[in-house]
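Chemist: Encoded as structure tokens, here's the structure I'll be asking about.
The values are calculated or read from the model by the stated rules, or taken from the named source; none is laboratory data. Fair warning: this is a prediction, and the values are worked out from it, not measured in the lab. Cβ placement follows ideal geometry from the backbone for every residue including glycine, while neighbour counts extend to all protein chains displayed. The protein model used for the area step is the full one, side chains on, heavy atoms only, and it has no ligands, DNA or RNA in it. Shrake-Rupley method; radii C 1.70, N 1.55, O 1.52, S 1.80 Å.
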Amino acid sequence: MPRTTDAKGLDDTDRKILRLLRTNCRLTTQEIADQVGLSQTPCWSRIKRLEEAGVISGYVAILDQAKVGRPDTFIVEVNLENHDDEKIENFSRHLQQLPEVIDVYLTTGEFDYVIIVAVDGPEGYETFLRKKLLKFEGIKHTRSIYCLRRLKRDVSPMV
């Protein structure tokens, strides 16, 4: 089998392993090895190398928002009053402490941050907004978008 390596140091076999793990990280090393055409030990070595290089940064269980009591998703765009390093770092730490926040981006353009939150309905969102997010001093403006339905969710990019 030809070994093609790209600029990131991943060859075709690495990519096959990553695609399998991306779909089901509970596969055994033997199951992965069988599907990529390796024996178990070289497959295990590749997975360990990918973990040590940070290509695989962790393994997670993806929870169903509705079944854990947070069926609704809101996108919140936030502008801060000022943009000094300390304020940005403090706001980033504040967001890390909020369990409703499931994704955060520091952005360019019209808003400083885009925050994805999982809550229980409009009442849950209002509570999050008023009692948690807006408790941070220095927020200039927010804009909220209610998500009707998720059309696609990938937690990792396809390789």
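Chemist: For the chain, with only Lys/Arg (+1) and Asp/Glu (-1) charged at the beta-carbon, what is the dipole magnitude about the Cα centre, in debye rounded to 20?
Modeler: 560 debye
Chemist: Per the 1.4 Å probe, what fraction of the accessible area of the stretch 102-154, in percent, lies on carbon and sulfur atoms?
Modeler: The computed percentage sits at 49.
Chemist: Cut-off 14 Å, label point 7 angstrom out along Cα-to-Cβ of Tyr146: give me the residues of the stretch 59-79 whose amide nitrogen falls inside.
Modeler: 71-75
Chemist: If you filter the stretch 60-149 for GluC sites (Glu not before Pro), then keep DSSP loop positions with at most 14 other Cβ within 10 Å, what is left?
Modeler: Passing both the DSSP loop test and the Cβ count: Glu81, Glu110, Glu137.
Chemist: Run the numbers on the stretch 13-77 and let me know its relative contact order in percent, using alpha-carbon pairs under 8 Å that are six or more apart.
Modeler: Relative contact order here is 20 percent.
Chemist: Continuing with this model, one more query. Taking the Cα atoms of the chain, report the difference between the largest and smallest coordinate on each principal axis, in whole Å and largest first.
Modeler: 57, 37, 24
Chemist: Provide the net charge surrounding Thr107, with neighbours chosen by a C-beta distance below 13 Å and charges set as Lys +1, Arg +1, Asp -1, Glu -1.
Modeler: -3
Chemist: Could you compute the net charge surrounding Pro71? Neighbours are other residues with a C-beta less than 10 Å from the C-beta of Pro71; K and R count +1, D and E count -1.
Modeler: Net of charged neighbours comes to -1.
Chemist: Quick check on the stretch 6-63: what are the equivalent-ellipsoid semi-axes from the Cα gyration tensor, as sqrt(5λ), descending, whole Å?
Modeler: Equivalent ellipsoid semi-axes, largest first: 16, 15, 10 Å.
Chemist: What are the residues whose amide H is under 5 Å from the amide H of Tyr113, where those residues sit 5 or more places off or on another chain and H is modelled from the backbone?
Modeler: HN-HN under 5 Å from Tyr113: Val78, Thr107.
Chemist: With the crude spin-label approximation of a point 7 Å out along Cα→Cβ, what separation in nm comes out for His83 versus Trp44?
Modeler: 5.1 nm
Chemist: Keeping all protein chains in place, calculate the accessible area per residue for the chain (probe 1.4 angstrom), answer in Å².
Modeler: Here the residues of the chain average 68 Å² of exposed surface.
Chemist: Kindly provide the trypsin sites (Lys or Arg not before Pro) of the stretch 1-96 that DSSP labels as loop, not H, G, I, E or B, and whose Cβ sees at most 16 other Cβ atoms within 10 Å.
Modeler: Arg3, Lys8, Arg26
Chemist: Using the Cα centre as the reference, give the magnitude of the dipole from point charges on the C-beta atoms of the stretch 1-93 (Lys, Arg: +1; Asp, Glu: -1; all else neutral), rounded to the nearest 20 debye.
Modeler: 620 debye
Chemist: So between Glu126 and Ile75, what do we pick up on full extension, going 0.36 nm a residue minus the alpha carbon distance?
Modeler: So the chain would gain 17.1 nm between Glu126 and Ile75.
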